[in-house]
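Novice: What follows is a single structure, and I will ask about it in a moment.
The values are calculated or read from the model by the stated rules, or taken from the named source; none is laboratory data. Computed from a predicted structure; not experimentally measured. Methodologically, a virtual Cβ is constructed for each residue, glycine included, from the backbone with ideal geometry; neighbour enumeration extends over all protein chains shown. Keep in mind that these areas ignore ligands, DNA and RNA; they rest on the heavy atoms of the full protein, side chains included. Shrake-Rupley method; radii C 1.70, N 1.55, O 1.52, S 1.80 Å.
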Amino acid sequence: MPCSDALAPFVIAALVALGPLPAGAQNNAAPPPPAISHKVKLCEMCHGANGLPIVKKVPIIAGQHQSNLLIVLQEYRNGERTSDLMGPIAKNLSGDDMKALAAYFSALPWPAYREPADAASITRFQALDVEKKCTSCHVEGFVGYANTPRVANQKLDYLIKTLSDFHDNKRPNMPRMTALVRNFSADDIAAMAHYLAGL
């Protein structure tokens, strides 16, 4: 099923309409707690039932750090991050829902996704000389820690969108990232995204 901000009213309505998950709808992980089972199914409409997003510009959240997932949901609810889709969804979640969803998705394995970067992208990223700045938060290997997300093996199209949003100051919740990529060209952003997706 396609998923975009244009579908926001329909996806939000699913918060109420969806019932318990049918047998076989989940991956091989332990099923979610009954209290959030229909909310997990809602998430999977975009983020994928097997951990790999099924639509463009949607991030991998399976295996992402629990604290980071919780912060993201809180930022959407509070308006610190904006999305016609995620904002209303987050506003319909209780604090306990958010904690339970973050715990559930963080416990899933990171999906088998990798888009090997070409040599030109790797060379261009290295020439930007920002890896030490990046890993000061995202740590060695870009695997993230606690509040800081894993970006290694993250979806390529999502990385390009996110870095572009930082560049264009559409994500004011992270001024350090905006400062880092402010002077990047579109080709620089693409090279960095390819490098990260290919780790």
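Novice: What tally of residues in the stretch 131-168 results from selecting those that are open to solvent by less than 70 Å² (accessible area, probe 1.4 Å), free of Cβ contacts under 8 Å to residues at least 60 places away in the same chain and not in a helix (DSSP H, G or I)?
Specialist: Residues flagged as open to solvent by less than 70 Å² (accessible area, probe 1.4 Å), free of Cβ contacts under 8 Å to residues at least 60 places away in the same chain and not in a helix (DSSP H, G or I) within the stretch 131-168 amount to 4.
Novice: Here is a check on your reading of the model: is D96 over 14 Å from the mean Cα position of the chain (by Cα), more than 17 Å from A62 (Cβ to Cβ) and of a type in the set (D, E)?
Specialist: Values: over 14 Å from the mean Cα position of the chain (by Cα): yes; more than 17 Å from A62 (Cβ to Cβ): yes; of a type in the set (D, E): yes.
When the stated conditions are applied, D96 passes them.
Novice: Using beta carbons and a limit of 8 Å, which pairs, at least six apart or on different chains, have the first residue in the stretch 39-57 and assigned to a loop (DSSP other than H, G, I, E, B) and the second one basic (K, R)?
Specialist: Hits for this filter: P53/K155; K57/K155; K57/K161.
Novice: Just checking, how many residues over the stretch 31-71 are at positive phi and under 10 Å from the mean Cα position of the chain (by Cα)? First the steps, then the outcome.
Specialist: Quick first cut of the stretch 31-71, residues at positive phi only: 48, 51, 57, 63.
Now narrow it down to the ones that are under 10 Å from the mean Cα position of the chain (by Cα): 57.
Qualifying residue count for the region: 1.
Novice: Let me ask something additional. Select, from S136, S106, the only residue that is of a type in the set (S, T, N, Q), at pLDDT 95 or above and touching a His at 6+ places or on another chain (Cβ under 8 Å).
Specialist: Details: S136 fails: touching a His at 6+ places or on another chain (Cβ under 8 Å).
Exactly one residue qualifies, and that residue is S106.
Novice: A further question follows. So, in the stretch 57-78, how many residues would count as being open to solvent by 40 Å² or more (accessible area, probe 1.4 Å) and either in contact with a Leu (Cβ under 8 Å, 6 or more places away or on another chain) or at pLDDT below 95 (or both)?
Specialist: 1
Novice: Return the residues of the stretch 79-107 that are open to solvent by 50 Å² or more (accessible area, probe 1.4 Å) and assigned to a helix (DSSP H, G or I); say none if nothing qualifies.
Specialist: Taking the stretch 79-107 first, the residues open to solvent by 50 Å² or more (accessible area, probe 1.4 Å) are 80, 82, 84, 91-92, 94, 96, 99, 107.
The answer is K91, D96, K99.
Novice: Continuing with the same structure: Find the residue count for the stretch 172-199, including only residues that are part of a loop (DSSP other than H, G, I, E, B) and either open to solvent by 30 Å² or more (accessible area, probe 1.4 Å) or of a type in the set (G, A, S) (or both). Spell out how you get there, then give the answer.
Specialist: In the first step, residues of the stretch 172-199 are kept if they are part of a loop (DSSP other than H, G, I, E, B); the result is 172-174, 182-185, 198-199.
This time we only want the ones that are either open to solvent by 30 Å² or more (accessible area, probe 1.4 Å) or of a type in the set (G, A, S) (or both), so: 172-174, 182-183, 185, 198-199.
Adding up the residues that qualify gives 8.
Novice: Also: If A112 satisfies all but one of (1) surrounded by 12 or more Cβ atoms within 10 Å (Cβ to Cβ); (2) among the small types (G, A, S); (3) under 23 Å from G48 (Cα atoms), what's the number of the condition it fails?
Specialist: All conditions are met except number (1).
Novice: Need pairs with beta-carbon distance below 7 Å; first residue of a type in the set (S, T, Y) and within the stretch 187-199, second open to solvent by 10 Å² or more (accessible area, probe 1.4 Å); sequence gap 6+ or separate chains.
Specialist: Every condition considered, the pairs that remain are Y195/A117; Y195/S121; Y195/I122.
Novice: Continuing with this model, one more query. Please tell me if R150 is closer than 25 Å to S67 by Cβ and not hydrophobic (A, V, I, L, M, F, W, C). Let's see the steps before the verdict.
Specialist: Values: closer than 25 Å to S67 by Cβ: yes; not hydrophobic (A, V, I, L, M, F, W, C): yes.
Yes, satisfied.
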